[in-house]
Amino acid sequence: MARTFLLLSLLSLLPCLCLGQVFNLTLSAKEGLPAGTIVGDLGAVLSRPSTGFFISESRDSDVFQDLEIDADTGIISTAVILDRETRDCYEFVAATLTGEMIRVKIEVKDVNDHSPKFPSEKYDLIASELSPLGSRFRLDGARDQDKGEFGIQGYRITQSDMADFFDLEYRAGQDGPHSLYLVLKTRLDREARDCYSLTIEASDGGVPPKSGTVQVKVHVQDENDNPPAFNQTEYHAAVREDAAVAGAGVCQVYAADRDSGENGRVTYELKSNPGEVFYINESSGVIHINKPLDYEAQAYHELIVIARDNGAQPEFSTAFVGIRVLDVNDNSPTIHVLFLSESGEPAVSEAASVGDYVARISVSDPDFEHQPISVQVRGGDGKFALKQIDDFLYALCVESELDREERDLYEVSVQATDGDSLSSEEVLLLKVTDVNDCYPQFEKNIYTVSIPEDVPPGSSLVQLQAKDEDEPGPNSLIKYAILRSNQHGLVTAVIPRPQVSVDAQTGLVTAVGSLDREQQAELWFLVVASDGGEPPLSSTATVTVRLEDVNDNEPVFAQPLYNVSLAEHSPVTSCFLQVVATDADTPEYATLQYSLSDGFDQTEHPLFHIQPGTGELCVSQDIDRDVGHTVYDLLVKAQDPGGLSAQTYVHIDIEDLNDNAPVFNPGQYMASVSGHSQPGAEILTVIATDADSGLYGHVSYHLLPADMSSLFTLDKHTGVLYLTSSLSHLGAASVNLFISAQDGGGLTSSLPAEVTVHIVSSGQAPAVFQRSRYTFSLSEDANPGTSVGAVHAIDPNGSWESVSYHISSGDPLGWFAVHPASGLISTLKALDHEAQPYVLLSLQCSTDASPVYSITQVNITIADVNDNAPVFPKASDTMSVSQSTIPGTVLFIAHAHDDDSGANGRVKYQLRNTQNGTFAIDANFGILTLNRSLQQDTLQTYTLEIIAGDEGEPSLSTTFRLTVNVEPNLNVNSLAFETLIYQVEIGESFRRDTRVIQVRAHQSREPHASSSNVRYSIENQNGSAPAPFRIHPTSGWLYLAQSLDYEAETAGEATATATVSVLVLDVNDNAPVFSREVYYFTVPEGAALQGLVGTVRATDKDSGRNGQLSYLLLSDGKFFRVNAKTGELIHWVALDREQHGQHTVRVMVTDQGQPRLNCTTTVHILVSDRNDNKPHFTHLPHSKDSTVQVRSSAKALLL
């Protein structure tokens, strides 16, 4: 209450204070910014600081409802989210305690937050098809609550095909909507098109622009501009003279009018109709008989028909109609037939020649003897034809060759028709007699039969059957015999021991002696079939007897492993790979069926399927690499009809497409920079990510042109923003920049990053480093106290003496120190390249005269020295190998790790003794293989020394001892794996039951024997936890038994005679986590160089780039900065508790994985007080000396 009373008292003195100096302060703020956004400072226009302000507005005014005004500091911030459309300006008066008046005007800047909107969703217009060009149709324009450049800038018709028909004209109104007209550009024709649908779009001037649309339908109104049109110019019809009056129509005329409604309705009438013999239906156009017809009186009638529409001014057209009257005939012709065969019967020999007469036919008609009669033959399949001898006499002849075996009876119809269409018909049944003209015909020209080679003698091989199409009797009686021949490969009767015989009556071929496939795999001979005709006719058939082999061969794939690349989003059903397997057995057992298998049973894959007959692997549904797996492993099975099968492994790499654009996170950045900063100073770093990989995921950055963008430059590879020009001429200002991101495929981010750079002005220029970045290098074996290099800064007077230096961040291990006066950097502790290969220090310099610090970065590279030798996991090992192991088999993989980098960490392997070339090792990968057979060796044990050496100078090495025990061959079948060591990598994101790798074992004494009886199992090593895998007992496929976690377990081994090493690959599935949700730091006020405020720390369970962290300051870049690598928070401007006692900043940490994951935290910074202000009276009287009396218990004081 006391403070309120004092405030009211001082407000009453405002008229007196108004005698002081008056300042004008104009500020602006964008609408839509969150509450708490700082708009400006009342003290910015004052010549000297003020400790308090009084506001002229009452507490319930719009100013205090929408704005927060700190009466102590003069900081104006938003209390709510401002809306320019609700209120676009705030004005009030503020007064200081020393009498200055400040007229404040805050303008709310418009942003493009409203889209244009039409009053209606659609318009329906009616336009006559006779409308002239340029006709205009008024439409209500759109409204946009934004103003200026964000208001409506134009209209367009979205459909390009409408540009030939319509155009738009519009004029901007003062306050109301635009005047919008739709202008006709071409003549309309309703008969061609009766309606036009178009979409009109109104757009504003935002970036990107907002728009609104309205649907417009233009209905074309019909006019009577088309006369009826007949579909024929002339109509002709015929009608019998005995047709009934008013019966069925004689003919129908039709006329169409393209107009609509009454304009298109057509009526008919007869114009020329002598005697009114006919009448017409006015609606249908059907012409009927009105009076009886008389052929003898008038055989032809001519009519004129008028078609007229029903428009206001009717249009009409005419057509001609001709009607012929037909005479009536009531007698049919008569047919007489005489057959010319020897017996007089209706018969003909199949040997008859073309043209031979079969019968004589005569016709007669009592009606119209002068009118000719038409005679036709139907039926007979074209074998017979008529030959006219005179007007009424015909001969039936053979038209083509006859074949009794093809057809022995024909039905022939003879039809006679007079000129009046009266007809008679006579049906003849002609029999075809037989001659011996058919050869015996086997059912097949070639008989092929396959039989097992061990069939007993007398077994039936094949049944031959021939047919003779002649009439039953001697002409069709058939006998069989094997044709005698001495040609190579033929079975003949002169062979001492014939192998096959044929029954003469039945044609059954049987085995006579034993058959041997190894001597002759195929028998080939001819069988002849002869009939009993005179002379006899015969034909032959070829018989091939193939001796079958047993089914003892499994299918074999052309490749044991297929590697294929497939582009994501490949068309569904498209095929991208064909696997091929072959079977050495006969074709009966070599037809293979392909299927997908999980190692246990046939299965269906959700993304792929295989064509069973061809082995083509095809896409079943859309594949998206960015949300699914990048690789797929399939097991393909090929099975022959006998049940034998083989499997192959298909590895599919999904190729990335450029289907994702870069995205900024965050989208807005803020930073502050001193107005005295020198060109080359680093401002901040923007970050954009792209969900694609490879070239398509590589992001480059571009600074978009703006008013003051020329003052800055951007590293397009790193996103680091640098200063290129001096800022001292700008004073205290803010610069807005926009940065776009583009990937390697050319896609650009949909929204640019918005960067706000606040320029901090100070009266005294700070000391400035000579360079914005220093680079030094020294060896990791440098002794403590070794000089690294020196940094130099110059104060505004050009002197070095008054400048002091301090390491603000970047050295969490405390390896370095800087001399505060000379700027010389030296080491404090021993360095280790393996722990940290480089250090990026942030150094500050300051002077006593300026409250602003300058910052530079020092990049110190710690060069590696060869101080680490390669290290094996253990010093020795023992293994066993069968004496029958074939050369080239992988026996062991040696692996040593060297912590050094470059050539110092590159490991090469060699054998100290190859045991006379028995063993060999790969120098790069350490793979030990058997180089020659062990069958002739007597040694049972080999001791090998594997040397792992680096490529440093001098080289360091380590020796590994491997003992190889040779197991002798046993007299029974033993099992051996194809290789003793299997190694595979699998991502931690792979699901349970995913196939990992297939191991194979074979019987050592029978390398080609079936391995279907082999059983696989996993034996866990002693003392180790069970591996997260299971193995199929028959196929040898290793499967995931549970989900993997790289952070919990990075490698596992399962041993089943051979060793399977499964390396779990990391995926970016863990977001960074700060050590605290909220951080609290305290820093003293004042100009003294403090540098480090505190450190925020985050951890990420992932590895590699997935666990590499970068820190980013999201707010309050005016006073503070954060080290992107270490998380050290520093202040670079002197703090004043009396102006700002507490700061709250937000820090984001992001990893470098794909996609990037991030986390944010809040940091509260309390500025502690120092005694840096003298007491002063808030008000002094005109006389500086005054005596006042206080309470009677106190003394009088002289002021």
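The values are calculated or read from the model by the stated rules, or taken from the named source; none is laboratory data. Given the structure is predicted, the values throughout are model-derived calculations rather than measurements. In this analysis, Cβ positions are derived from the backbone assuming ideal geometry, glycine residues included, and neighbour counts consider all displayed protein chains. The protein model used for the area step is the full one, side chains on, heavy atoms only, and it has no ligands, DNA or RNA in it. Shrake-Rupley method; radii C 1.70, N 1.55, O 1.52, S 1.80 Å.
Points to keep in mind about this one:
- Taking each residue of the stretch 279-290 that is on the phi > 0 side of the Ramachandran plot and looking for partners that are part of a loop (DSSP other than H, G, I, E, B) and among the hydroxyl-bearing types (Ser, Thr, Tyr) with beta-carbon atoms closer than 8 Å, six or more apart or interchain, yields 285/254.
- Qualifying residues in the stretch 659-696 (those that are touching a helix residue (DSSP H, G or I) at 6+ places or on another chain (Cβ under 8 Å) and of a type in the set (Gly, Ala, Ser)) - the one farthest from residue 727 (Cα to Cα): 691
- Criterion: open to solvent by 70 Å² or more (accessible area, probe 1.4 Å) and in contact (Cβ under 8 Å) with a residue 60 or more places away in the chain - qualifying residue of 399, 411, 405, 426: 426
- For residue 924, the conditions (1) open to solvent by 60 Å² or more (accessible area, probe 1.4 Å); (2) at pLDDT 90 or above; (3) touching a Lys or Arg at 6+ places or on another chain (Cβ under 9 Å) are fulfilled apart from (2).
- Residue 82 meets the conditions (1) modelled with pLDDT of 85 or more; (2) surrounded by fewer than 16 Cβ atoms within 10 Å (Cβ to Cβ) in every case but one. The failed one is (2).
- When the stretch 899-946 is filtered for residues that are β-branched (Val, Ile, Thr) and in a loop (DSSP other than H, G, I, E, B), the ones remaining, listed by number, are 914, 918, 938.
- Selection within the stretch 440-467: residues that are surrounded by 15 or more Cβ atoms within 10 Å (Cβ to Cβ) and at pLDDT below 85. The member of this set that is farthest from residue 531 (Cα to Cα) is 453.
- Matching residues in the stretch 275-314 - criterion: being of a type in the set (Ser, Thr, Tyr), exposed (fewer than 12 other Cβ atoms within 10 Å of the Cβ) and not in a loop (DSSP other than H, G, I, E, B): 300
- Evaluating residue 448 against the criteria (1) under 30 Å from residue 543 (Cβ atoms); (2) of a type in the set (S, T, N, Q); (3) in a loop (DSSP other than H, G, I, E, B) leaves one unmet condition, (3).
- Test: residue in the stretch 1041-1050 that is at pLDDT below 80, under 33 Å from the mean Cα position of the chain (by Cα) and among the small types (Gly, Ala, Ser): yes
- Residues located in the stretch 1103-1122, provided they are open to solvent by 40 Å² or more (accessible area, probe 1.4 Å) and either at pLDDT 85 or above or under 17 Å from residue 682 (Cα atoms) (or both): 1108, 1114, 1118, 1119, 1121
- Residues that are over 30 Å from residue 372 (Cβ atoms), modelled with pLDDT of 85 or more and open to solvent by 80 Å² or more (accessible area, probe 1.4 Å) occur at least once in the stretch 241-255.
- All conditions but one from (1) open to solvent by less than 50 Å² (accessible area, probe 1.4 Å); (2) over 41 Å from the mean Cα position of the chain (by Cα); (3) within 30 Å of residue 198 (Cβ to Cβ) apply to residue 118; the one that does not is (2).
- Restricted to the stretch 169-225, the set of strands (runs of 3 or more DSSP E) holding at least 1 residues that are within 30 Å of residue 740 (Cβ to Cβ) and modelled with pLDDT of 85 or more comprises 195-204, 211-221.
- Scanning the stretch 654-705 for residues that are among the small types (Gly, Ala, Ser), free of Cβ contacts under 8 Å to residues at least 60 places away in the same chain and open to solvent by 40 Å² or more (accessible area, probe 1.4 Å) turns up just one, 694.
- Residues that are open to solvent by less than 30 Å² (accessible area, probe 1.4 Å), modelled with pLDDT under 85 and outside any loop (DSSP other than H, G, I, E, B) do not occur anywhere in the stretch 518-534.
- Considered as a group, the residues in the stretch 1163-1174 that are surrounded by 17 or more Cβ atoms within 10 Å (Cβ to Cβ) and more than 17 Å from residue 72 (Cβ to Cβ) include one that is modelled with the lowest pLDDT, and that residue is 1165.
- Checked against the criterion of being touching an Asp or Glu at 6+ places or on another chain (Cβ under 7 Å) and at pLDDT 75 or above, the stretch 938-951 has at least one qualifying residue.
- The number of residues in the stretch 1123-1158 being open to solvent by 30 Å² or more (accessible area, probe 1.4 Å) and assigned to a strand (DSSP E or B) comes to 4.
- Within this structure, residue 675 passes the test of being within 18 Å of residue 736 (Cα to Cα) and modelled with pLDDT under 80.
- Residue ID - modelled with the lowest pLDDT, chosen from residues in the stretch 867-893 that are in a strand (DSSP E or B) and more than 20 Å from residue 968 (Cβ to Cβ): 890
- Scan of the stretch 544-568 for residues that are surrounded by 14 or more Cβ atoms within 10 Å (Cβ to Cβ) and either part of a loop (DSSP other than H, G, I, E, B) or at pLDDT below 85 (or both), ordered by number: 547, 548, 549, 551, 553, 554, 555, 568
- Matching option when the condition is in contact with a Ser or Thr (Cβ under 9 Å, 6 or more places away or on another chain), of a type outside the set (Asp, Glu) and more than 30 Å from residue 41 (Cα to Cα), among 718, 685, 648: 718
- Breaking point among (1) among the charged types (D, E, K, R); (2) under 15 Å from residue 101 (Cβ atoms); (3) part of a strand (DSSP E or B), for residue 57: (3)
- Count - residues of the stretch 339-354 that are of a type outside the set (Val, Ile, Thr), open to solvent by 40 Å² or more (accessible area, probe 1.4 Å), closer than 14 Å to residue 395 by Cβ and assigned to a loop (DSSP other than H, G, I, E, B): 1
- Lone unmet requirement of (1) closer than 17 Å to residue 677 by Cα; (2) hydrophobic (A, V, I, L, M, F, W, C); (3) open to solvent by 20 Å² or more (accessible area, probe 1.4 Å) for residue 813: (1)
- Considering residues of the stretch 706-754 that are within 29 Å of residue 676 (Cβ to Cβ), assigned to a strand (DSSP E or B) and small (Gly, Ala, Ser) only, the residue least open to solvent (accessible area, probe 1.4 Å): 753
- One residue from 772, 761, 728, 734 being touching an Asp or Glu at 6+ places or on another chain (Cβ under 9 Å) and at pLDDT below 90: 772
- Within the stretch 382-396, the residues that satisfy the criterion of being closer than 15 Å to residue 359 by Cβ and open to solvent by 90 Å² or more (accessible area, probe 1.4 Å) are 387, 388, 389.
- Per-region count, the stretch 1055-1090, residues part of a strand (DSSP E or B) and modelled with pLDDT of 80 or more: 9
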